[in-house]
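The values are calculated or read from the model by the stated rules, or taken from the named source; none is laboratory data. Just so you know, these numbers come straight off a predicted model, no measurement behind them. Heads up, the Cβs are rebuilt from the backbone with ideal geometry, glycines too, and the neighbour counts pull from every protein chain shown.
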Amino acid sequence: MDRTLFDILNHVNEGIIITDDQLNIIFWNTQMEFLTNIKQEEAIGFNLYVKLPNINKNYFRESINSVIEKDYKYFFPRLFMKV
């Protein structure tokens, strides 16, 4: 992905994660670092469920399927907050 886009997404005041089709993390912005206390270099390349094991997998999977199949838009506020 374009480095300029990553630089812009790092300055957004929302946690942003971009994954591949296997849910392996390819982008983890600085706000996600703040929310989860997991650094980018510790997240990139890992599966989303490995780095965020408390995610409700069924809900998340259904949401992702709705995005792909029905073009729905989802926002998951405070889903990844620090414990």
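Taking the stretch 2-23 as the region of interest, how many residues are assigned to a loop (DSSP other than H, G, I, E, B) and at negative phi?
11
Run down Ile26, Ile38, Ile55 and say which single residue is assigned to a loop (DSSP other than H, G, I, E, B), surrounded by 10 or more Cβ atoms within 10 Å (Cβ to Cβ) and modelled with pLDDT of 90 or more.
On inspection, the qualifying residue turns out to be Ile38.
Are there any pairs, at least 6 apart or on different chains, whose C-beta atoms fall under 6 Å, with the first in the stretch 54-79 and more than 27 Å from Phe34 (Cα to Cα) and the second part of a helix (DSSP H, G or I) and modelled with pLDDT of 80 or more, and if so, which?
Sorted first by the residue in the stretch 54-79, then by its partner, the pairs are Tyr72/Ser66.
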